[in-house]
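These notes are about the structure you will find just below.
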Amino acid sequence: MGRRYAHHQAYGVVVFALVDANNAYVSFERCFRPELRGRPIVVLSSNDGACIARSDEAKALGVGMAQPWFEVRHLARSAGLVALSANMELYGEMSSRLMSVISRFAPVAVPYSIDECFLEFEGVSGDLVSIGRALRETVLREIGVPTSVGFGPTKTLAKLANHIAKSAARKPGSYPTALSHVCHLGLMSATELDGTFGATDIGEVWGIGRRISARLQAGGVRTVRQFVRSDPATIRRNYSVVLEKTLLELRGIPCMTLDEAPAPRQQIMVSRSFGTAVTTLDGIIEAVSEFASRGAEKLRQQGSVADAVTLFFTTSPFRTKDAQHSPSVTIALSQATSDTRVIVGASVAAVRRLYRPGYRYAKAGVMMVNLRPAGSEQVPLDLFSQTQSASNGQDEVRGGRLMEAMDLLNQRFGRDAVRLGSQAVASGAASGHVWSGKQDRRSPRYTTRLDEILRVRC
Amino acid sequence: MLCGAYTVRMSSPESLPNGAQVGSASGASTRLSSRTRVAAGFGSPAEDATVHRIDLNEALIDHPDATFIARADGDAMRGAGIDSGDVLLVDRARTPMHGNLVLAVVHGEIICRRLYSLNGQTRLDAASIGASSVQITEEAPLEVWGVVTHIIKHTV
């Protein structure tokens, strides 16, 4: 990869694109439920009732990312806010369709998260903006999901272009309307680009989160324009090599591999193509276990937990003589976690269900999905069902003891003397519980369960 | 005329011994391996021939990424051969044409109807007595969700 970037100017320009689904989870739901269009919708994580996705209308009502449901539930009555339980199985399957359609439009496609995909156009002649528009149209027609496309000479610029494409469409006046939905930063003159950078907050740049943003702002760097004019060596010294690379990428110098790149806020993906094809179940299990445990490690490193895991493995689509098999699945975890045992356990169990003998698998990947800061989530003590970390009996023993203690206390001091913390907080003062079930408001799994397919009125 | 046992099993070109010939002009016998392809009146040797059992996914579905499965609920399309409970294969990548059975979004609901689109008039027709058509106008434009390509009926 370094080799290629060192000579990028000699051998012809590579243009990157970042394509993503707008409000992916909400859009996946709306595909099968057109009555949800135009309405404020939130998708709630199944274990702790946080808003992990919001429609534009819900954002306009002021619902914040990861905001607990109990804080916004009043909007259900006052503004028609609709809450849906996360349907990870559906979203994962729709995501695989999305990636498959997107990848038709460029020689190289690299899925980055459940709803984002990088494309690389090297030596592709033709109007890329038109290709971007055709891609949007095709995805909307074939899958029913709206997307945004950003182009740039580096991945960081492509991601920024994607953000601009969205803002231009959603917030009239933020950027020229010509940049709506599809934005190509590589086509701008130096003046235009400078103007665009001047109108963009540094917090919108890939990899610049709240903490770094606050530090930069304290140092007087508020816009992308100011950041781009900073001295790279100083940035490296005061912050990190990664931030320096971000700066160089914003200047149009590709120098970041996806491995070094910042993890998406909502997902962490670990995947690799195999040197030689893997044909055995054990081989896939070994690879997937390694990726799952690396993903769990990244989770812990960044202080996050995940509430679902998507995994896939696939034969090589380039080896057309090979029989093709590309299974993938998204597994919701009963509890948000960064525990390697739970994540590896769930992944391996899924591989056993999906693997078929006789195929030459060329690539596998594991993705941690729906991340949030560890410790911020309500951790429901999953007292009543098997936890997924069945590797030792301790969790179950502990669970059993807790149950006993709870029962004893409730018997002695009256019903509901002791309740789950999440129940107490959610209900506020004294009213009844609010967030009861994990699957209360989940839509059907339209594409993975035959008994839950779309019903159409005849 | 060939003698000796030979198998008709075909194999991919890589596994063929180079220059394997059968029944040469001189009539000399030639060793036949079980993987030698027989090049005499049994079909073109150029045929690539790994044989697979028929797979309904491959056979019935042209656009896998854009094909969804739905269940018919109601009797308004019995005249078109769709009974309540039938499974429908729906392709969103196909361009809807006059006469197609389609899923369409009408007043926020997904319904199944037959598309009529001729001479500037567009409507969605039901297929049973008493069921009314949905007129398509500028205020209520046509939105096709997908084209029904196959109807699958349970018989046992």
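A short reminder: the numbers here are calculations on the coordinates, not readings from a lab. Since the model is a prediction, treat every value here as computed from it, not as a measurement. Using ideal geometry, Cβ is built from the backbone for each residue, glycine included, and neighbour counts are taken over all protein chains shown.
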- Past 23 Å, Cα to Cα, is the threshold; run A:K59/A:K155; A:K245/A:K363; A:K166/A:K363; A:K155/A:K298; A:K245/A:K298; A:K59/A:K245 against it and keep the listed order. A:K59/A:K155; A:K245/A:K363; A:K166/A:K363; A:K59/A:K245
- Considering only the other residues whose Cβ falls under 14 Å of the Cβ of A:A292, what net charge follows from Lys and Arg at +1 and Asp and Glu at -1? +2
- Name the residues whose placed amide hydrogens come within less than 5 Å of the amide hydrogen of A:S334, ignoring near sequence neighbours (fewer than 5 apart) on the same chain. A:Q388
- Message: 7 Å from Cα along Cα→Cβ at both A:D440 and A:E120: what's the point-to-point distance in nm?
- Response: 4.7 nm
- Query: If you count, for every residue in B:61-70, the Cβ atoms of partner chains within 10 Å of its Cβ, what is the mean?
  - Reply: 5
- Query: What is the average number of partner chain Cβ atoms found within 10 Å of a Cβ in B:145-151?
  - Reply: 2
- Item | Per DSSP, loop GluC sites (Glu not before Pro) in region A:28-66 with at most 14 further Cβ within 10 Å | none
- Message: If R₀ is 60 angstrom, what is the calculated FRET efficiency for the pair A:V241 and A:R449, using the beta carbon separation as r and rounding to 0.05?
- Response: 0.80
- What number comes out for the charge environment of A:S443, summing +1 per Lys or Arg and -1 per Asp or Glu over other residues with Cβ under 9 Å away? +2
- First select every other residue whose beta carbon is under 9 angstrom from the beta carbon of A:T340; then total the charges, Lys and Arg +1, Asp and Glu -1. 0
- Starting from the Cα-Cα distance between A:E297 and A:R39, subtract it from 0.36 nm times their residue separation and give me the gain in nm to one decimal. 89.0 nm
- Item | Backbone HN-Hα couplings from phi across region A:150-159 [Karplus 6.51/-1.76/1.60, Hz, Gly and Pro as x] | x, 10, x, x, 9, 5, 4, 5, 4, 5
- Message: At R0 = 22 Å, how high is the FRET efficiency between B:E139 and B:T95 if r is their beta carbon distance? Nearest 0.05 is fine.
- Response: 0.40
- Order by protection proxy (mean Cβ within 10 Å, highest first), peptides A:226-232, A:204-210: A:204-210, A:226-232
- Amide H proximity to A:L81 below 5 Å, modelled H, separation 5+ or other chain, gives A:A76
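Once R0 is set to 35 Å, what does the formula 1/(1 + (r/R0)^6) return for the Cβ-Cβ distance between A:S273 and A:A134, expressed as a FRET efficiency to the nearest 0.05?
In this case the efficiency is close to 0.80.
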- In whole Å, largest first, what are the principal axis extents of the Cα atoms in region A:265-369? 44, 22, 18
